[in-house]
Amino acid sequence: MDPDTLIVKAKEAALQVLLHNSRGPVRGLPRTAGWEYPEPYTRDQMINTLGILVSGHPKLIAVQRKVLETAARNQSPRGHIPSLVHDAEDRGASDTTPLFLLAVAIFRLAVGEPAFLEQAAQRALVWMDYRSPDDRVMVGQLPTSDWRDEQWVFGFGLFVNTVVYCYLRLLGQDDKAVTLRELMTKFTVRGGVQQRHVHEGLRLHRKPYYALWSYKVYNNERFDLLGNSLAILSGLASPSRARAIVAWVEEECEALRSQEELAVELPPNLFPYIRPEDPDWRPRYERYNQPGEYHNGGIWPFVCGFYIAALVAVERFRLAERRLESLTRLVQPARSAEVAFGFNEWLRAQDGTPQGQDWQSWSAAMYLYAETCVRERRTPFFEEIRRP
């Protein structure tokens with residue numbers, strides 16, 4: 001089958017996944033995956049907003065409105081958005097509140113309702129103000145509290161702070177956005193000495209990308225594909241740095257393939273992989289996070305969707321087309337379901353086999369978003385963020 005025809009079929013399948021998952025057994029809210037994860041996980045549902053809105057599907061957009069309104073109703077008294085859309089007591093995630101704010105801002109743009117969920121958004125903004133350990137906009141987190149629930153990301157994490165930057169720009173809080181950008185693009189502290197009034201950043205010496213996380217004299221320099229893709233999409237990375245990040249990713253992935261550590265044409269979510277002899281290896285990884293698996297270098301279709309969008313943002317259009325073709329092939333295999341497109345949760349880097357749940361909503365939603373970006377040669381919603 002030629003690539004164009006396959007992409008058309010994949011788009012149809014992605015919509016089928018989202019429609020199938022749009023009503024689950026928990027209060028009629030969307031389920032997270034087709035046959036497992038019946039609950040409406042907040043972070044997944046918020047990320048789904050991108051694909052749902054570009055699809056233009058009225059039913060899906062109506063369901064997404066319900067999801068956002070339900071999350072707002074279950075917001076804590078201090079403004080925190082729970083980890084499950086319907087469960088006000090399931091708290092503790094570092095990314096649900098910023099993703100809620102981003103989703104609300106994007107939804108407002110798409111439907112033309114600038115005051116949508118204004119009261120909930122204001123409470124969430126106050127909550128996020130208090131998430132900054134030094135009261136300077138940049139937010140901190142505890143380990144395993146963002147989407148990587150089996151990985152140690154501590155202090156100032158790249159992913160969460162890129163999401164914060166995005167919603168600040170979309171919600172018109174430009175002064176805070178400028179401050180956050182200045183803080184994030186500082187070099188990380190090196191040499192084991194923290195000077196007074198010198199803030200640690202996420203920019204690395206001698207490497208084009210941003211650190212996974214940083215806090216005082218500690219940091220982790222492994223490459224976070226999602227965080228760096230968002231840094232490109234949001235404009236946090238300058239155009240020259242964004243192009244350098246993409247070039248570095250493609251070169252490093254070619255090296256991984258030559259070492260038989262990567263079997264597909266798309267990047268792992270994290271690399272270099274963490275190995276048992278490394279100082280950042282944790283005993284629990286032996287069971288859940290082997291090298292090239294899950295959060296330790298697994299291939300996540302939804303993250304690859306963000307990367308493809310980032311390629312469009314830096315105008316690497318031909319490369320984006322090739323990577324979309326690769327993603328189209330990647331979302332075909334299913335782990336257990338008998339379907340033409342599995343849209344699995346994640347795949348093992350070394351052999352490309354699906355290891356997670358089939359018909360994962362954010363895998364389907366971000367496929368739709370990536371395809372739209374490639375076809376239209378633009379990045380809906382993020383262009384508003386990058387605008388001077």
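The values are calculated or read from the model by the stated rules, or taken from the named source; none is laboratory data. These numbers were taken from a predicted model, which means no experiment stands behind them. Cβ: placed from backbone, ideal geometry, glycine included. Neighbour counts: every protein chain shown.
Give me the pairs: first residue in the stretch 289-303 and under 12 Å from Q151 (Cβ atoms), second residue modelled with pLDDT of 95 or more and in a strand (DSSP E or B), beta-carbon distance under 7 Å, and six or more apart or on different chains, which are they?
N289/N296; H295/L270; N296/L270; G297/L270; G297/F271; G298/L347
Taking helices (runs of 4 or more DSSP H) that do not extend beyond the stretch 36-139, which have at least 1 residues that are surrounded by 15 or more Cβ atoms within 10 Å (Cβ to Cβ) and out of contact with any helix residue (DSSP H, G or I) (no Cβ under 7 Å at 6 or more places or on another chain)?
Passing ranges, in order: 58-73, 96-111, 118-129.
Identify all residues within the stretch 323-337 that are assigned to a loop (DSSP other than H, G, I, E, B), under 20 Å from A365 (Cβ atoms) and out of contact with any strand residue (DSSP E or B) (no Cβ under 6 Å at 6 or more places or on another chain); write none if there are none. Steps first, please.
Initial filter on the stretch 323-337 (assigned to a loop (DSSP other than H, G, I, E, B)): 331-337.
Then drop every residue that is not under 20 Å from A365 (Cβ atoms), which leaves 331-335, 337.
Correct list: V331, Q332, A334, A337.
Among the residues that make up the stretch 347-355, is at least one of them surrounded by fewer than 23 Cβ atoms within 10 Å (Cβ to Cβ), in a helix (DSSP H, G or I) and of a type outside the set (S, T, N, Q)? Full working, then the answer.
Residues of the stretch 347-355 surrounded by fewer than 23 Cβ atoms within 10 Å (Cβ to Cβ): 348, 350-353, 355.
The next check asks that each one be in a helix (DSSP H, G or I); those that pass are none.
No - not one qualifying residue is present in the stretch 347-355.
Going by what's in this entry, would D351 be described as among the acidic types (D, E), over 30 Å from V178 (Cα atoms) and touching a Lys or Arg at 6+ places or on another chain (Cβ under 6 Å)?
Working: among the acidic types (D, E): yes; over 30 Å from V178 (Cα atoms): yes; touching a Lys or Arg at 6+ places or on another chain (Cβ under 6 Å): no.
Against the criterion (among the acidic types (D, E), over 30 Å from V178 (Cα atoms) and touching a Lys or Arg at 6+ places or on another chain (Cβ under 6 Å)), D351 does not qualify.
For the stretch 71-98, name all the residues that are touching a Pro at 6+ places or on another chain (Cβ under 8 Å) and not aliphatic (A, V, I, L, M).
Result: N74, Q75, S76, H86, E89, D90, R91, T96.
With the structure loaded, tell me whether A340 is surrounded by 24 or more Cβ atoms within 10 Å (Cβ to Cβ) and either touching a residue at least 40 places away in the same chain (Cβ under 8 Å) or assigned to a helix (DSSP H, G or I) (or both) or whether it fails that test. Give the steps one after another, and end with the answer.
On the way: surrounded by 24 or more Cβ atoms within 10 Å (Cβ to Cβ): no; either touching a residue at least 40 places away in the same chain (Cβ under 8 Å) or assigned to a helix (DSSP H, G or I) (or both): yes.
No.
Only one residue in P267, P276 is part of a loop (DSSP other than H, G, I, E, B) and closer than 23 Å to E325 by Cα, so which one is that? Break it down into steps so the answer makes sense when it comes.
On the way: P276 fails: closer than 23 Å to E325 by Cα.
Exactly one of P267, P276 is part of a loop (DSSP other than H, G, I, E, B) and closer than 23 Å to E325 by Cα, namely P267.
Please specify each residue of the stretch 249-264 satisfying the condition of being assigned to a helix (DSSP H, G or I), of a type in the set (A, V, I, L, M) and within 24 Å of the chain's Cα centre (by Cα). Quick ask: steps written out before the conclusion?
Of all residues in the stretch 249-264, those assigned to a helix (DSSP H, G or I) come to 249-258.
Still in the list and also of a type in the set (A, V, I, L, M): 249, 255-256.
Those that are assigned to a helix (DSSP H, G or I), of a type in the set (A, V, I, L, M) and within 24 Å of the chain's Cα centre (by Cα): V249, L256.
Taking A231 as the residue in question, decide whether it is in contact (Cβ under 8 Å) with a residue 24 or more places away in the chain, assigned to a helix (DSSP H, G or I), more than 19 Å from P291 (Cα to Cα) and in contact with a strand residue (DSSP E or B) (Cβ under 6 Å, 6 or more places away or on another chain).
Details: in contact (Cβ under 8 Å) with a residue 24 or more places away in the chain: yes; assigned to a helix (DSSP H, G or I): yes; more than 19 Å from P291 (Cα to Cα): yes; in contact with a strand residue (DSSP E or B) (Cβ under 6 Å, 6 or more places away or on another chain): yes.
Spelling it out, A231 is indeed in contact (Cβ under 8 Å) with a residue 24 or more places away in the chain, assigned to a helix (DSSP H, G or I), more than 19 Å from P291 (Cα to Cα) and in contact with a strand residue (DSSP E or B) (Cβ under 6 Å, 6 or more places away or on another chain).
From the list A310, A365, A320, exactly one residue is farther than 18 Å from V264 by Cβ, assigned to a helix (DSSP H, G or I), in contact with a Leu (Cβ under 8 Å, 6 or more places away or on another chain) and among the aliphatic types (A, V, I, L, M). Which is it? Quick ask: steps written out before the conclusion?
On the way: A310 fails: farther than 18 Å from V264 by Cβ; A320 fails: farther than 18 Å from V264 by Cβ.
The conditions single out A365.
Give the number of residues within the stretch 332-366 that are of a type in the set (S, T, Y) and over 22 Å from I7 (Cβ atoms).
Our first condition is that a residue be of a type in the set (S, T, Y); within the stretch 332-366, this holds for 336, 353, 361, 363.
When the remaining residues are screened for being over 22 Å from I7 (Cβ atoms), the result is 336, 353.
The qualifying residues number 2.
Condition first: within 21 Å of R31 (Cα to Cα), surrounded by fewer than 24 Cβ atoms within 10 Å (Cβ to Cβ) and among the small types (G, A, S). Now tell me which residues in the stretch 300-337 satisfy that.
To start, the set of residues in the stretch 300-337 that are within 21 Å of R31 (Cα to Cα) comprises 300-303, 305, 331-337.
Checking the rest, the ones that are also surrounded by fewer than 24 Cβ atoms within 10 Å (Cβ to Cβ) come to 332-337.
Within the stretch 300-337, A334, S336, A337 qualify.
Test G79 against the stated conditions and say whether it is at positive phi and not aliphatic (A, V, I, L, M).
yes
Of everything in the stretch 257-288, what is touching a residue at least 24 places away in the same chain (Cβ under 8 Å) and of a type in the set (A, V, I, L, M, F, W, C)? Give them in sequence order.
Within the stretch 257-288, the first condition is being touching a residue at least 24 places away in the same chain (Cβ under 8 Å), and the residues that meet it are 260-274, 280, 282, 284-285, 288.
L262, A263, V264, L266, L270, F271, I274, listed by residue number.
Filter the stretch 22-33 down to residues that are closer than 16 Å to F302 by Cα and touching a helix residue (DSSP H, G or I) at 6+ places or on another chain (Cβ under 6 Å), then give me how many there are.
Selection size over the stretch 22-33: 1.
Of the residues that sit in the stretch 125-182 and are among the polar types (S, T, N, Q) and over 17 Å from the mean Cα position of the chain (by Cα), which one is farthest from A72 (Cα to Cα)? Even if it seems obvious, please write down each step before you answer.
First pass over the stretch 125-182, keeping only residues among the polar types (S, T, N, Q): 132, 141, 144-145, 151, 161-162, 173, 179.
Subsequent filtering for residues that are over 17 Å from the mean Cα position of the chain (by Cα) retains 132, 173, 179.
Values: S132: 22, Q173: 21, T179: 28 Å.
Within the stretch 125-182, the match that is farthest from A72 (Cα to Cα) is T179.
Output the residue which, of all residues in the stretch 1-33 that are assigned to a loop (DSSP other than H, G, I, E, B) and among the small types (G, A, S), is surrounded by the fewest Cβ atoms within 10 Å (Cβ to Cβ). Before you say what the answer is, go through the steps one by one.
Kept after step one, since they are assigned to a loop (DSSP other than H, G, I, E, B), are these residues of the stretch 1-33: 1-2, 21-32.
Within this subset, residues satisfying the condition of being among the small types (G, A, S) are 22, 24, 28.
Details: S22: 22, G24: 18, G28: 13.
The selected residue is G28.
It is to be established whether one or more residues within the stretch 172-184 are under 25 Å from E384 (Cβ atoms), modelled with pLDDT of 95 or more and part of a loop (DSSP other than H, G, I, E, B).
Scanning the stretch 172-184, I find at least one residue that is under 25 Å from E384 (Cβ atoms), modelled with pLDDT of 95 or more and part of a loop (DSSP other than H, G, I, E, B), so the answer is yes.
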